[in-house]
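Visitor: The following block contains the structure, expressed as structure tokens.
The values are calculated or read from the model by the stated rules, or taken from the named source; none is laboratory data. Source: prediction; values computed, not measured. Every residue, glycine as well, gets a Cβ built from its backbone with ideal geometry; the counts of neighbours run over all protein chains shown. Please note that ligands, DNA and RNA were not included when accessible areas were found on the heavy atoms of the full protein model with its side chains. Shrake-Rupley method; radii C 1.70, N 1.55, O 1.52, S 1.80 Å.
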Amino acid sequence: FYELMKEKCTTMSNTECRWSEMFKFDNIIVTWKNIYAQKIVYFRDNKLSEFNFKVFQNILPCGYILSKWNYNINEKCEVCKNVETMEHMLYSCPRVRAIWEDISFKYFNELPSV
């Protein structure tokens with residue numbers, strides 16, 4: 001599976017085009033080659049590499065996607081009741097945003113003074 005996943009990193013998907021527009025990448029092809037090289041192909045941990053691949057391809061299991069496969073699964077976030085997309089699950093849910101803010105606060109407060 002991991003070899004197939006790494007081979008897939010040589011072609012550009014619709015999701016990559018959307019991410020490129022969102023983050024305003026200048027040189028899309030070179031940028032994505034670098035991203036895949038750093039975060040998937042040469043990444044030492046296969047599970048984190050797989051997670052990164054799923055994020056880049058927008059196939060990370062979330063309520064919205066899972067509810068399409070199984071009608072018994074709710075598409076809504078259990079915390080805030082918004083539709084649970086991948087973006088919501090990783091950054092926009094209030095609980096997740098609070099976690100990222102806490103991590104950022106601790107990281108920037110632990111940096112050495114210059």
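Visitor: Once you mark the chymotrypsin sites (Phe, Trp or Tyr not before Pro) that are in a DSSP loop and have at most 16 other Cβ atoms within 10 Å, what is the longest gap between them in the chain?
Guide: Maximal segment without exposed cleavage sites: 72-114.
Visitor: In addition: State which entries of Lys24/Lys54; Lys76/Lys106; Lys54/Lys76 exceed 24 angstrom in Cα-Cα distance in the structure shown.
Guide: Violating the 24 Å limit, Cα to Cα: Lys76/Lys106.
Visitor: Here's a follow-up. Just to be sure I understand: with springs between alpha-carbon atoms less than 10 Å apart, which residue in Glu87, Glu16, Glu101 has the highest mean-square fluctuation in the Gaussian network model of the chain?
Guide: Top of the fluctuation ranking is Glu101.
Visitor: Which value results when the Cα radius of gyration for the stretch 62-109 is divided by 2.2 N^0.38 Å?
Guide: 1.37
Visitor: How large is ³J(HN,Hα), in whole Hz, for each residue of the stretch 71-82 in order, when computed from phi with the Karplus curve 6.51 cos²θ - 1.76 cosθ + 1.60 and θ = phi - 60°, using x for Gly and Pro?
Guide: Couplings: 5, 7, 9, 7, 7, 8, 5, 5, 7, 10, 6, 7 Hz.
Visitor: Given the whole protein assembly as supplied and a 1.4 Å probe, what does the accessible area of Leu66 come to in Å², nearest 10?
Guide: Accessible area, nearest 10 Å²: 50 Å².
Visitor: Which value, in Å² and to the nearest 10, is the accessible area of Lys39 when all protein chains are kept and the probe is 1.4 Å?
Guide: Roll a 1.4 Å probe over it and Lys39 shows about 90 Å².
Visitor: Residue by residue, what Karplus-based ³J(HN,Hα) values in Hz, rounded to whole numbers, does the stretch 95-108 have, using 6.51, -1.76 and 1.60 with θ = phi - 60° and x for Gly and Pro?
Guide: Calculated HN-Hα couplings, in order: 5, 5, 4, 5, 5, 4, 5, 5, 4, 4, 4, 5, 5, 6 Hz.
Visitor: Rounded to a whole number, what % of the accessible area of the chain do carbon and sulfur atoms account for, probe 1.4 Å?
Guide: Taking all protein chains in place, the chain shows 58 percent carbon and sulfur surface.
Visitor: While we're looking at this one, here's another question. In Å², and per residue, what accessible area does the chain have when probed at 1.4 Å with the other protein chains present?
Guide: Spelled out: the 1.4 Å probe surface of the chain, per residue, equals 76 Å².
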